[in-house]
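Contents: one structure, followed by commentary.
The values are calculated or read from the model by the stated rules, or taken from the named source; none is laboratory data. All values reported here derive from a predicted model rather than from experimental measurement. We place every Cβ from the backbone using ideal geometry, glycine too, and count neighbours over all the protein chains shown.
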Amino acid sequence: MPNQQQNQQQVQQAQQAAQQAMQAIQQAQQQANPQQLQQAQQQLQQAQQQVQQASQQASPQQQQQLQQAQQQLQQATQQVQQANQQQQQMQQQQQQNQQQ
């Protein structure tokens, strides 16, 4: 069953990609850096693609792992949206401050 092993690697890579994307988002949030956020968003999309690819050939056990990874990715997506909103609010405040 070489395919099974290959899948396991794919599953793990997808999980790692999800975790890396999460970390990238947290860093971007801490530093409030729009460029970093965009990069983190790209990482998220790539991770989602990896998860989808892996799930096409995954065993039921691996499917569970992938579902967890997908949940992580959904949480991360929400985090990105929140961070984006925070930045927009900050920008608006800065503009208001300049106008005063």
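Within the bounds of region 25-42, is there any residue that is surrounded by 13 or more Cβ atoms within 10 Å (Cβ to Cβ), at pLDDT 85 or above, assigned to a helix (DSSP H, G or I) and not polar (S, T, N, Q)? No, that holds for no residue.
Determine which member of the set ALA83, ALA76, ALA69 is surrounded by 12 or more Cβ atoms within 10 Å (Cβ to Cβ), among the aliphatic types (A, V, I, L, M) and more than 27 Å from VAL11 (Cβ to Cβ). After ruling out the rest, the residue left standing is ALA83.
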